[in-house]
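Down below is the structure, laid out as structure tokens.
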Amino acid sequence: MIIFHGDNLVVSRQRLTQETKQFSGEVIRLNGRQANLDQFQQALEASSLFGQKKLVIVEDLFSRPAGQEKDKILTYLKQPTTANLILWEGKTIDGRRLAGFKNAQVEKYLLPATIFKFLDSLGQNKKVSLYWLRQTLINEPAELVFFLLCRRVGDLIIAADLGASGLDKMAPWQKSRLVQQTKNFPLKRLVAVYGKLLEIDWQQKTGQAAYNLPATLDLLVASL
């Protein structure tokens, strides 16, 4: 069993893709938020239709709301097994929740601190933002930075429009940070920036961008 988790979704997805491509046999995918215990048992225990080896990939099981079915599934998965099983989680899993998976190969992928310093600096000091952007791009792909920038601007739009009440799924400290950051960005300005991000995305995907993505990000941040 392999468990991939952490907030660096790009790298953890790459590892999942790598493992999948290297596997020769039938690949079965289960939605961890919805699949029941019977489906897990069927996927892991039933013989393959063509006698092939099987790889079972389960996504976001730990993000599933608490309940008896989830508890039953986790108890079942903690039992010794020879099945090829990968659990992929799009967030960091508390180490205490992994304690029962004694034979699992656990790989955690975290975003670098520089990327959060870049995102948190937006709207405060342009030179500082550019510095942390360039530091981040030394080791991280521009696509990841662009994705997180889009997400941050989207969150700021919600915070500017609805306040902390619109960020109900976030921790209190995250809500406070975002609401504070909106003081540097009027809502109208944030919407305009988001529109520019959509334009950049379209240009990059259609090959119509004047510059590559790192240079485009640099120019965008310089204009904020």
Within segment 88-109, is even one residue in contact with a Ser or Thr (Cβ under 9 Å, 6 or more places away or on another chain), in contact (Cβ under 8 Å) with a residue 40 or more places away in the chain, closer than 27 Å to Pro141 by Cβ and among the hydroxyl-bearing types (Ser, Thr, Tyr)? yes
Neighbours by Cβ (under 8 Å, 6+ apart or cross-chain): first from segment 207-224, buried (at least 16 other Cβ atoms within 10 Å of the Cβ); second among the acidic types (Asp, Glu): Leu213/Glu143
Report whether or not Leu77 is more than 17 Å from Ile2 (Cβ to Cβ) and among the aliphatic types (A, V, I, L, M). no
Looking at Ile73, is it in contact with a strand residue (DSSP E or B) (Cβ under 6 Å, 6 or more places away or on another chain), surrounded by 11 or more Cβ atoms within 10 Å (Cβ to Cβ) and on the phi < 0 side of the Ramachandran plot? no
Within segment 126-175, how many residues turn out to be exposed (fewer than 13 other Cβ atoms within 10 Å of the Cβ) and either touching a Phe, Trp or Tyr at 6+ places or on another chain (Cβ under 9 Å) or in contact (Cβ under 8 Å) with a residue 40 or more places away in the chain (or both)? 1
Segment 194-223, residues that are in contact with a Lys or Arg (Cβ under 8 Å, 6 or more places away or on another chain) and of a type in the set (A, V, I, L, M, F, W, C): Leu220, Val221, Ala222
Residues located in segment 36-49, provided they are closer than 16 Å to Lys70 by Cβ and touching a residue at least 24 places away in the same chain (Cβ under 8 Å): Asn36, Leu37, Phe40, Gln41
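Taken together, the values in this text are just the output of simple stated rules run on the coordinates, not laboratory data. Predicted model only: the values in this text are computed from it and were never measured. Ideal geometry is used to build each Cβ from the backbone, glycine not excepted, and the neighbour counts take in all protein chains shown.
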